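The values are calculated or read from the model by the stated rules, or taken from the named source; none is laboratory data. Not measured: the values here are computed from a predicted model. Cβ coordinates were reconstructed from backbone atoms using ideal geometry, including for glycine residues, and neighbour counts include every protein chain displayed.
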Amino acid sequence: MSGSTWSCDRCGGRVRLSARNGISPWFSLFREARIFSHRVRLFSLFGFDVWIDASWLLLAALISWTLAEAVFPETTPNLARATYWWMAGAATIGLLFSIVFHETAHSLVARRYGLPIRGITLFIFGGVADLEREPPSPKSELLMAAAGPLASLLLSAAFFILLALAGAWNAPDAIRGTLWYLGYINFMLALFNLVPAFPLDGGRVLRAALWFWRGDLAWATRIAANAGNLFGIGLIVYGVVNVMMGNFIGGMWFFLIGMFLRGAAAASYQEVIARTALEGVPVLQVMNREPIAVAPDLPVAALIEDFVYRFHHRTFPVTRRGVLAGSVGTEQAAKIDRSAWPTTPVERIMAPCEADDVVGPEADALAALAQMRRSGRSRLWVVREGRLVGVLSLRDMLELLAAKLELERDRGGEFGRQSGRPGR
Ligand SMILES: [Zn+2]
């Protein structure tokens, strides 16, 4: 797996604006961190932090169990059961190392093209190198994507060479069996990732080629993501057939990987649309130019009655003659006694504005969205030289995205159609 961050299938590839704060699955697409919510930092490699997700530990346990109880007894017969478990443990750690090696190759190439990398996270079904943006050109995408499978192939060759040496030195069967498995699994890792199904590496290669051909990243992503979707469906069907024929565990794996791939393909496509829709668009163009602000001497009771209940926002900017003075809302109101609401002016309870609350009108909308994601705020105050000139809400950005997606859908494509109406 590879490349820029992709989110897993939380939204089923559908766009729905939920009533609650307008925070929709679109938003969660941008909260990549959410799928890595239970992660632990393992170590640092070439300056990249390597994280491990709790899901990988579960996977590691399952893999060890499968290797010790089923795979090694067949490939390397006549050993003690404890030996199989030692082999399985070593092989699982070797697999972890192999995935880190694969992702590091992606990351090193990405860094060469100046793409910021947040780190490498190992989670269920492999690893993800977290890139903050899309690659700048088809060539960089191609090299970045190819680096992973190439690294896996090299590693596979290295393990097979070690296996040959171990044979020559009459090393114990347990060592030879483990080396064989690591050579084999790295080969499979390269092969699987080379399938031209986005967001697998092969799909990225396909996307780079299409992107180079037509110069249209969104179109190229759509085709590659459709291929990812189809491959996902193929794996699901294959999994179901396997389960029906009695191969329950193997079938389940194909089914799960297929589901995961479909979700990842849809999410990646939507993310690209979102990025292309918002990148380079100044906040000025998306913001509400007639922001609703409250005066410092407004009583808290009036704030709740005339603003919170009327406009359905939880927080409002406080301005003094047009100059932003702070933020106030239900959170601050809840801290004082209700009986004091009619007599307390909002300036006494308002919160001072932090850097995360404000954004400049010329800032990039994509950067503003990243700021919302980071800080968990759904509205930002747009300020020029201290004066409040607008409010940028997540809802406005989602509507812009939905409109762009609608246009995208008219051009056809599975995800366009699947994405549905951005209704409320
Ligand atoms: Zn990869």
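Summary table below
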quantity: Segments classed as helices (runs of 4 or more DSSP H), wholly inside the range 209-314, with at least 3 members that are touching a residue at least 60 places away in the same chain (Cβ under 8 Å) and either out of contact with any Asp or Glu (no Cβ under 7 Å at 6 or more places or on another chain) or more than 26 Å from V382 (Cα to Cα) (or both); calculated: 217-244, 248-278
quantity: Residues satisfying the stated conditions in the range 234-270, i.e. closer than 17 Å to D201 by Cβ and among the aromatic types (F, W, Y); calculated: F260, Y269
quantity: Residue within the range 171-183 that is more than 16 Å from the ligand (Cβ to nearest atom), small (G, A, S) and within 28 Å of F254 (Cβ to Cβ) present; calculated: yes
quantity: Contacts under 8 angstrom Cβ, first residue in the range 167-184 being in a helix (DSSP H, G or I), partner basic (K, R), 6 or more apart; calculated: G167/R176
quantity: Top-ranked residue in the range 185-206 [being touching a residue at least 60 places away in the same chain (Cβ under 8 Å) and in contact with an Asp or Glu (Cβ under 7 Å, 6 or more places away or on another chain); ranked as farthest from L261 (Cα to Cα)]; calculated: R204
quantity: Among the candidates A129, A151, residue that is at pLDDT 90 or above, crowded, with 22+ Cβ neighbours inside 10 Å and either within 20 Å of the chain's Cα centre (by Cα) or assigned by TED's automatic domain parsing to the domain that holds I185 (or both); calculated: A151
quantity: Residue within the range 192-203 that is among the hydrophobic types (A, V, I, L, M, F, W, C), within 14 Å of the ligand (Cβ to nearest atom) and within 30 Å of P77 (Cα to Cα) present; calculated: yes
